[in-house]
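Enquirer: Mind looking over this structure? Questions follow.
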């Protein structure tokens, strides 16, 4: 079976790569399972920080509409797997749908100058409400524009509003994300975890995020499954 998520550990840094470049790293059911496993592996490892990136021309084209994940959001850190350590997204090319959810849940994000962010669920007649938490990371009118109009938004604009930490030339995205990761890997894990934990308490959560978090947790209890 082809693996769609790669995990590499080096110098206290886990590099987790979405590896389905022929489909612009669109997330199918197998990739969702592998990504969830990667977060579990990272959280239980000696690695102190993770860099999440995409192979090829895009971070991710979003969910694969022909093979959509059906078991909730276990593959999204902080909603499915509890991840105590920092995560940095390195975004090149398209970041669509669930890609924006992953960026929203990450602690830091570096994006290329040509990167484009898109949340097209409204245009597709879909909606599970998780993206509503974007309004806790962006000005509400900007979040509403992204959610309701479903038009591409540049990395530069999202840097202005704080969802992206740095916009760099496309060829430098991985290098810049790695440099950030090296800073965090050089610290005691307890410091990184303390600040991540503290931020989690003060950043509000949307209703969809809260519901999915509860549903995932409930499903881990023996003999219990939420509807």
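Enquirer: Check segment 113-133 and report whether any residue there is under 26 Å from residue 17 (Cβ atoms), at pLDDT 95 or above, in contact with a helix residue (DSSP H, G or I) (Cβ under 9 Å, 6 or more places away or on another chain) and in a helix (DSSP H, G or I).
Expert: Checking segment 113-133: not a single residue is under 26 Å from residue 17 (Cβ atoms), at pLDDT 95 or above, in contact with a helix residue (DSSP H, G or I) (Cβ under 9 Å, 6 or more places away or on another chain) and in a helix (DSSP H, G or I).
Enquirer: Please go through segment 162-190 and give me each residue that is in contact with a strand residue (DSSP E or B) (Cβ under 9 Å, 6 or more places away or on another chain) and under 19 Å from residue 137 (Cβ atoms), ordered by number.
Expert: Within segment 162-190, 163, 164, 165, 166, 167, 177, 180 qualify.
Enquirer: When segment 140-167 is examined, which residues are found to be outside any helix (DSSP H, G or I), surrounded by fewer than 19 Cβ atoms within 10 Å (Cβ to Cβ), modelled with pLDDT of 95 or more and touching a helix residue (DSSP H, G or I) at 6+ places or on another chain (Cβ under 9 Å)?
Expert: Residues satisfying the conditions are 151, 165, 166.
Enquirer: Based on what the data block shows, is residue 173 within 22 Å of residue 96 (Cβ to Cβ), modelled with pLDDT of 95 or more and in contact with a helix residue (DSSP H, G or I) (Cβ under 6 Å, 6 or more places away or on another chain)?
Expert: No: the conditions fail for residue 173.
Enquirer: If you don't mind, another one. Out of (1) surrounded by 22 or more Cβ atoms within 10 Å (Cβ to Cβ); (2) in contact with a strand residue (DSSP E or B) (Cβ under 7 Å, 6 or more places away or on another chain); (3) under 23 Å from residue 33 (Cβ atoms), what's the single condition that is false for residue 86?
Expert: The number of the failed condition is (3).
Enquirer: Right, another one. Mind counting the residues in segment 1-38 that are in contact with a helix residue (DSSP H, G or I) (Cβ under 7 Å, 6 or more places away or on another chain), more than 22 Å from residue 93 (Cα to Cα) and not in a loop (DSSP other than H, G, I, E, B)?
Expert: The qualifying residues number 1.
Enquirer: Of all residues in segment 39-54 being out of contact with any helix residue (DSSP H, G or I) (no Cβ under 9 Å at 6 or more places or on another chain) and part of a loop (DSSP other than H, G, I, E, B), which is nearest to residue 77 (Cα to Cα)?
Expert: 44
Enquirer: Now a separate question. Does residue 136 satisfy the criteria of being free of Cβ contacts under 8 Å to residues at least 24 places away in the same chain, within 23 Å of residue 196 (Cα to Cα) and surrounded by fewer than 15 Cβ atoms within 10 Å (Cβ to Cβ)?
Expert: Against the criterion (free of Cβ contacts under 8 Å to residues at least 24 places away in the same chain, within 23 Å of residue 196 (Cα to Cα) and surrounded by fewer than 15 Cβ atoms within 10 Å (Cβ to Cβ)), residue 136 does not qualify.
Enquirer: If you check residue 76 against the conditions, is it buried (at least 20 other Cβ atoms within 10 Å of the Cβ) and modelled with pLDDT under 95?
Expert: yes
Enquirer: Filter segment 1-28 down to the residues that are out of contact with any strand residue (DSSP E or B) (no Cβ under 6 Å at 6 or more places or on another chain), more than 21 Å from residue 57 (Cα to Cα) and touching a residue at least 24 places away in the same chain (Cβ under 8 Å) and list them by number.
Expert: 1, 9, 11, 12
Enquirer: Consider residue 72 carefully, then state whether it is more than 22 Å from residue 117 (Cβ to Cβ) and part of a loop (DSSP other than H, G, I, E, B).
Expert: So residue 72 fits the description; yes.
Enquirer: Please identify the pairs in which a residue from segment 177-194 that is in contact (Cβ under 8 Å) with a residue 40 or more places away in the chain has its Cβ atom under 8 Å from the Cβ atom of a residue that is in a helix (DSSP H, G or I) and surrounded by fewer than 20 Cβ atoms within 10 Å (Cβ to Cβ), counting only partners at least 6 apart or on another chain.
Expert: Between residues of segment 177-194 that are in contact (Cβ under 8 Å) with a residue 40 or more places away in the chain and residues that are in a helix (DSSP H, G or I) and surrounded by fewer than 20 Cβ atoms within 10 Å (Cβ to Cβ), the close pairs are 184/192.
Enquirer: Further, regarding this structure: Determine whether residue 67 is assigned to a helix (DSSP H, G or I) and over 26 Å from residue 138 (Cα atoms).
Expert: Taking the combined requirement at face value, the residue does not satisfy it.
Enquirer: A further question follows. May I ask you to say which residue of 39, 94 is farther than 19 Å from residue 178 by Cα and in contact (Cβ under 8 Å) with a residue 12 or more places away in the chain?
Expert: Among 39, 94, only 94 is farther than 19 Å from residue 178 by Cα and in contact (Cβ under 8 Å) with a residue 12 or more places away in the chain.
Enquirer: Based on this model, can you work out whether residue 102 counts as farther than 22 Å from residue 55 by Cα, surrounded by 21 or more Cβ atoms within 10 Å (Cβ to Cβ) and within 14 Å of the chain's Cα centre (by Cα)?
Expert: no
The values are calculated or read from the model by the stated rules, or taken from the named source; none is laboratory data. All values reported here derive from a predicted model rather than from experimental measurement. Every residue, glycine among them, receives a Cβ derived from its backbone with ideal geometry; neighbour counts consider all protein chains shown.
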